[in-house]
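The values are calculated or read from the model by the stated rules, or taken from the named source; none is laboratory data. On a predicted model such as this, the values are computed, not experimentally measured, just so you know. Here Cβ is always computed from backbone atoms with ideal geometry, including for glycine, and neighbour counts include all displayed protein chains. Note: accessible area is taken over every heavy atom of the protein model, side chains too, but ligands, DNA and RNA are not part of it. Shrake-Rupley method; radii C 1.70, N 1.55, O 1.52, S 1.80 Å.
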Amino acid sequence: MYKEPLGVKVDFETGIIPGAKKSVRRLSDMKGYFLDEKAWEEMVKNGDPVVYEVYAVEQEEKEGDLNFATTVLYPGKVGKEFFFTKGHFHAKKDRAEIYIALKGKGGMLLQTPEGEARWIPMEPGTVVYVPPYWAHRTVNTGNEPFIFLAIYPADAGHDYGTIAEKGFSKVVIEEDGEVKVVDNPRW
Ligand code: M6P
Ligand code: ZN
């Protein structure tokens, strides 16, 4: 009747959680996500790099329970655009989430269903509260892996649909050696 409590040691250097379920997202898994389609195609042909890995400890999709996961988001760019995670709304839209940055440098793009966006810079120690209803995507703006821990309701689920189709209303690019958050020309 009672589940067994669990303590695990997350490796802050690598993001690895012992016993967690690992998933890998390569650039080829992100067709249509980046603005510069030619650059995307070239990079997929020339080695198809891993963009990010997720180590997740997940429970049954039941109200009241919690999941947690680390993400290791590698440094890189497609054209001017920094590597990012796919990004999602929660399938149960009113579910919130907490992110804690562990290593590297980056930030989070958040967006309401109406397309209003926010950018929150993240460095080790930054805690981000993702309120209910906001889609969220992390971006690596540095030159080492950006690693963070996420804690989210077990019944939140992932809704990739709208973000996969339209993306975010803002994109994070490098221009003149600077990180810029600018309007998405395709929005
Ligand atoms: C965090 C959590 C996970 C999510 C992962 C990768 O670890 O929010 O739920 O799966 O980031 O993000 P995405 O699912 O958008 O690819
Ligand atoms: Zn989420």
Open item on the list: Given the criteria open to solvent by 20 Å² or more (accessible area, probe 1.4 Å), in contact (Cβ under 8 Å) with a residue 60 or more places away in the chain and more than 15 Å from ligand 1 (Cβ to nearest atom), does R118 qualify?
Closed with: no
Task: When residues of region 137-187 are limited to those that are more than 22 Å from G15 (Cα to Cα), of a type in the set (D, E) and assigned to a loop (DSSP other than H, G, I, E, B), the one least open to solvent (accessible area, probe 1.4 Å) - done: D155
- [ ] Can you confirm whether region 18-29 contains a residue that is away from ligand 2 (no atom under 16 Å from the Cβ) and of a type in the set (D, E)?
- [x] yes
Open item on the list: I'd like to check something: does region 162-180 contain any residue that is of a type in the set (S, T, Y), within 15 Å of ligand 1 (Cβ to nearest atom) and within 21 Å of V54 (Cα to Cα)?
Closed with: no
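Quick check, is A69 of a type outside the set (F, W, Y), open to solvent by less than 30 Å² (accessible area, probe 1.4 Å) and more than 10 Å from ligand 1 (Cβ to nearest atom)?
Criteria not met by A69.
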Open item on the list: I need the full set of residues from region 121-133 which are outside any strand (DSSP E or B) and either touching a Lys or Arg at 6+ places or on another chain (Cβ under 8 Å) or open to solvent by less than 10 Å² (accessible area, probe 1.4 Å) (or both), in order please.
Closed with: E123, P124, P132, Y133
TODO: From (1) more than 30 Å from N184 (Cα to Cα); (2) outside any loop (DSSP other than H, G, I, E, B), pick out the condition that doesn't hold for G19.
DONE: (2)
TODO: Return the only residue of V24, V51, V10 being open to solvent by less than 50 Å² (accessible area, probe 1.4 Å) and either modelled with pLDDT under 95 or not in a loop (DSSP other than H, G, I, E, B) (or both).
DONE: V51
Task: Near pairs, Cβ below 7 angstrom, 6+ apart or cross-chain, from region 93-104 (open to solvent by less than 30 Å² (accessible area, probe 1.4 Å)) to any residue that is of a type in the set (A, V, I, L, M) and modelled with pLDDT under 95 - done: none
TODO: Go through region 73-92 and give me each residue that's open to solvent by less than 20 Å² (accessible area, probe 1.4 Å) and closer than 20 Å to D176 by Cβ.
DONE: V78, E81, F82, F83
Open item on the list: Take the residues in region 57-105 that are within 11 Å of ligand 2 (Cβ to nearest atom) and not in a loop (DSSP other than H, G, I, E, B); name whichever of them is nearest to V171 (Cα to Cα).
Closed with: H88
Open item on the list: Against the condition without any contact (Cβ under 8 Å) to a residue 24 or more places away in the chain and at positive phi, how does G47 come out, does it pass?
Closed with: yes
